[in-house]
Amino acid sequence: MSIRYLIIIAAFWLSQPAVGQQINTGGDPKVDAVNFINNTLRGFNGNTVRFQALRLGLEEMHPFDAAHLDTTSIFDNLNSLSKYQQFLETFRQKTTGMLRRVTDSVGLLESRLGDTIHWKAIDRFFKNFQEESKLYVQYSLKLSNQVMATRSALIFLQTNGFDAGPDGVMVHGGKANEDLYQAQLNKIRGAAVQASDAFSATVDGTSKSNELVLGVLETLSK
């Protein structure tokens, strides 16, 4: 879910002539439903927007380039990777907690809205939110695999020693260690491909959500 998601929602409401004045704000459940949607998206967006920065950080790191294998760069990259992993674990915890709170709120809205088009709109939003949350959790797991594989390979180099030059990296310890290092690089490449596929799934999911949310908000404005 991107910043563009919230911008689209804001643009929709700004394009509606005095929508807020057309709805009775004195405890009107439709108003509460709109606030619920905006608060849910705002909270979720606050977590997911950092994924883009993390993904770009991984892409720009190039930790196994000879120019980035000095002692200081390895230390900095290991530190960054640890922070990335901590963020991803925290994100999954926050997402799980948020889903529980959203589920509770949806139950309250169902009892207030009854079997109406407005409740059906909220139900569509909720089911879509669950699906999109799962996509981001899966994406975070794939990124975690990439981060952990990258960190393990850097620690392997630190532990065994290496020479880095124009022709690449030569790990100390003979062919056995060299084969282990190449296997680790292949694992990182595979994890990166899976993370990229998972990222594409979140992009598709967000595109779907953009359209759905607009339809839900339009229904709630009636």
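Computed from the coordinates by the stated procedures, all read-outs in this text should not be read as laboratory data. Keep in mind that this is a model prediction, so the values were computed, not measured. Here Cβ is always computed from backbone atoms with ideal geometry, including for glycine, and neighbour counts include all displayed protein chains.
What the table shows:
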| quantity | calculated |
| --- | --- |
| Pick from the stretch 154-193, criterion surrounded by fewer than 13 Cβ atoms within 10 Å (Cβ to Cβ) and at positive phi, ranking: farthest from the chain's Cα centre (by Cα) | 174 |
| Filtered residue count, the stretch 113-140, keeping only those that are loosely packed, with under 15 Cβ neighbours inside 10 Å and on the phi < 0 side of the Ramachandran plot | 8 |
| Failed criterion for residue 158 (all others in (1) farther than 21 Å from residue 76 by Cβ; (2) polar (S, T, N, Q); (3) out of contact with any Ser or Thr (no Cβ under 7 Å at 6 or more places or on another chain) hold) | (1) |
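Per-residue answers, yes or no, for (1) touching a strand residue (DSSP E or B) at 6+ places or on another chain (Cβ under 9 Å); (2) surrounded by 15 or more Cβ atoms within 10 Å (Cβ to Cβ):
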residue: 70; (1), (2): yes, no
residue: 74; (1), (2): no, yes
residue: 78; (1), (2): no, yes
residue: 88; (1), (2): no, yes
residue: 100; (1), (2): no, no
residue: 111; (1), (2): no, no
